[in-house]
Amino acid sequence: MDAEADPPQNPITRHKCLACYKQYKKKEHLIEHMKTSYHSVHQPRCGVCQKHCKSFESLREHLTGPLPRGICSKIFSQQGCQLCLALFDSPGSLIGHRETCRLSAPTCPGTSALPYIDSQFDCQDSSDENHAGEGPGGAVAIDCEMVGGGSDGSLELCARVCLVDEDERLIFHTYVQPEIPVTNYRYDITGLTEEHLKNAIPLKKVREKLLQILQNGESIGKVRLDGGKARLLVGHDLAHDLDCLKMNYPDHMLRDTAKYRPLMKTNLVSHSLKYLTRTYLGYDIQSGTHDPYEDCISVMRLYKRIRSQLHPEEDHGTMTLSNNIVGMPDSWISRELDNLTPDELYAMSRSDYKCWCLDLIPRLSA
């Protein structure tokens, strides 16, 4: 008589995150992961396996890094764009895409060719679909060049300001007279000398002009509330520029390529504008003297490229469940979340940043 066979063992149940594919032995561990991961349809994702990544850098590592995912790396190497990381149906489609994705560096007019410029930018010209930033004002990009003040030249003083619109038109440029004496013109970086600032405009008047362009005829109260018809301000490390200008502008109206989560390093440290431009636009900047016009164009191109990405529409129908959970006792919250499927947990998850693609959605003015 044959020995009695051992009863089959139950396989270990794994609870899998539908976004990043991490697996957990216990459901509560998956729930905790979903609470802190902030997965959403707006995160960068692999075009092959659809894995969500917290940044484009982590997506790039997934596709082309030292330890890439095999099948994803193979398909991406044949049909993926190294700049925007998009995946295409065929190598032929990829070739056509590359012709428009890799941009050429803007031609910089230099310090001698750019005196005071004020285009009298018309706010009504920015309300069409090509200027679809939040509100009818569209977006403008800013860059400032700093010289040094103080006994050791370490104080940051704004000496040059440049603004461009979404069509890369120069709408404002001026040299700025700092409020304290300049002790270091930082010529190797700025290309500026005492001659450039001899008849420069005082910082206060420059600040007033910038706010006039940005507010676009809107009251400051309306700008702070929902933006109204004011313009979005695009830049790299905007906090630094605004601090040197001694100027305030509402956070919800800022689009900063140094602080936008998907463009940051995996440890949430900012990349340089030089790196972002080379990596995502395909050309080099700041190879010698820094030119604010070149930086303005590059930061606007970055913003528009990221903004143009198409993401699935979020299912806001699940928000009712999420909102109801907030005020419930912890024990009830636990029991309710335990009953949700991975799909439902993912549907509840939201980004911890505002995706720039949402700037393309027309906003109803109050």
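Computed from the coordinates by the stated procedures, all read-outs in this text should not be read as laboratory data. This is a predicted model, so every value here is computed, not measured. Here the Cβ positions follow ideal geometry from the backbone for every residue, glycine too, while neighbour counts run over all protein chains shown.
Label-to-label distance for C20 and R350 is 2.0 nm, based on points extended 7 Å past Cα in the beta-carbon direction. What shape does segment 178-247 have by the C-alpha gyration tensor, where a ≥ b ≥ c are the square roots of the eigenvalues, rounded means a/c under 1.5, and otherwise prolate means a/b greater than b/c and oblate the rest? Prolate is the answer for segment 178-247, as a/c is 1.5 or above and a/b outweighs b/c. Estimated at 0.36 nm per residue, the fully extended path between S90 and D118 surpasses their Cα-Cα distance by 5.4 nm. Using the Cβ-Cβ distance between S308 and Y187 with R0 set to 41 Å, the FRET efficiency works out to roughly 0.60. Taking other residues whose beta carbon is less than 15 angstrom from the beta carbon of T183, and scoring Lys, Arg as +1 and Asp, Glu as -1, yields -3. Here each label is just a point 7 Å from Cα along the line to Cβ, and for K222 and E28 those points are 5.3 nm apart.
Calculated on the alpha-carbon coordinates, the convex hull of segment 137-306 measures out at 122 cubic angstrom per residue.
For segment 178-277, which trypsin sites (Lys or Arg not before Pro) are both in a DSSP coil and crowded by at most 10 other Cβ atoms within 10 Å? Please list the in-between numbers first.
Numbers: sites: R186, K198, K204, K205, R207, K209, K222, R224, K229, R231, K246, R255, K259, K265, K274; in loops: R186, K198, K229, R231, K246, K259, K265.
Those that pass, being in a loop and sparsely packed, are K198.
For segment 31-81, what ratio Rg/Rh do Cα atoms give with a Kirkwood hydrodynamic radius?
Values: Rg = 11.8 Å, Rh = 11.6 Å.
Taking Rh as the inverse mean 1/r over Cα pairs, Rg/Rh reads 1.02.
Distance between the modelled labels on K205 and C49, one decimal in nanometres: 6.1 nm (7 Å Cα→Cβ projection).
If the chain between L360 and R98 were fully stretched, how many nm would it gain, using 0.36 nm times the residue separation less the Cα-Cα distance?
Values: separation 262, 0.36 × 262 = 94.32 nm, distance 2.38 nm.
Length gained between L360 and R98: 91.9 nm.
In straight-distance terms, cross-link reach from K74 covers every one of the lysines whose alpha-carbon lies under 23 Å from its own, apart from those fewer than eight places away in the same chain; here that gives K22, K51, K54.
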